[in-house]
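Encoded as structure tokens, the structure appears first; notes follow it.
The values are calculated or read from the model by the stated rules, or taken from the named source; none is laboratory data. Being a predicted model, the structure only gives us computed values, none of them experimental. When we count neighbours, we look across all protein chains shown, and the Cβ atoms used for this are built from the backbone with ideal geometry, even at glycine. Heavy atoms of the whole protein, side chains included, go into the accessibility calculation; ligands, DNA and RNA do not. Shrake-Rupley method; radii C 1.70, N 1.55, O 1.52, S 1.80 Å.
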Amino acid sequence: MGQSLVKNYVHIVFSTKYRTPWIQEEYEDILFCYLGALCNDHGCQPMRVGGYLDHVHILCKLSRNIALAELVSKVKSVSSGWYKKQHDELKGFYWQNGYGAFSVNPTSINSVIKYIENQRIHHQHQDFQNEFRGYMKKYKMDYEERYVWD
């Protein structure tokens, strides 16, 4: 085969340090747009970026030219520095170490987009920690509870 053909959709989830509610409504649109732009800068087409108060969801098409861990590292480090500069009250902002990443079937893209768009409503009934536990259960991931929330 003379070319490399790749189409991997990935749903990336990470939280603020100690799940502190840094993503207030007045800043969320600009943060989500910036995160999408960072993905795009690395060749990873953002399909939807959203979240709520203490965490972010990014659905993107992962480029064949960057490893997932490298993408997440770059997105988190650059966005953290940028977000702190947006307002004096954000100077203490940090992302939590680690992340979750889940493959998405192309036939499920629209349902994941809707899920990300409805985070505000979703989190009226479930907190981030239980949401994330649900992902780990759905994807049958082995994990140690004490390390997930450090």
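Could you list, in sequence order, all residues of the stretch 21-35 that are without any contact (Cβ under 8 Å) to a residue 40 or more places away in the chain and open to solvent by 10 Å² or more (accessible area, probe 1.4 Å)? Those that are without any contact (Cβ under 8 Å) to a residue 40 or more places away in the chain and open to solvent by 10 Å² or more (accessible area, probe 1.4 Å): PRO21, GLN24, GLU25, GLU26, GLU28, ASP29, PHE32, CYS33.
Residues that are within 20 Å of LYS17 (Cβ to Cβ) and open to solvent by 40 Å² or more (accessible area, probe 1.4 Å) were ranked within the stretch 93-120; the one that is modelled with the highest pLDDT is TYR94.
In the set (1) within 21 Å of VAL49 (Cβ to Cβ); (2) at pLDDT below 90; (3) open to solvent by 40 Å² or more (accessible area, probe 1.4 Å), GLU131 fails one condition alone, (3). With respect to TYR52, is the statement that it is surrounded by 15 or more Cβ atoms within 10 Å (Cβ to Cβ), modelled with pLDDT of 95 or more and assigned to a strand (DSSP E or B) true? Yes; evaluated as a whole, the condition is true for this residue.
Filtered by the rule that a residue be within 13 Å of the chain's Cα centre (by Cα) and within 22 Å of ARG133 (Cβ to Cβ), the stretch 1-47 gives VAL10, HIS11, ILE12, VAL13, PHE14, SER15, THR16, ILE23.
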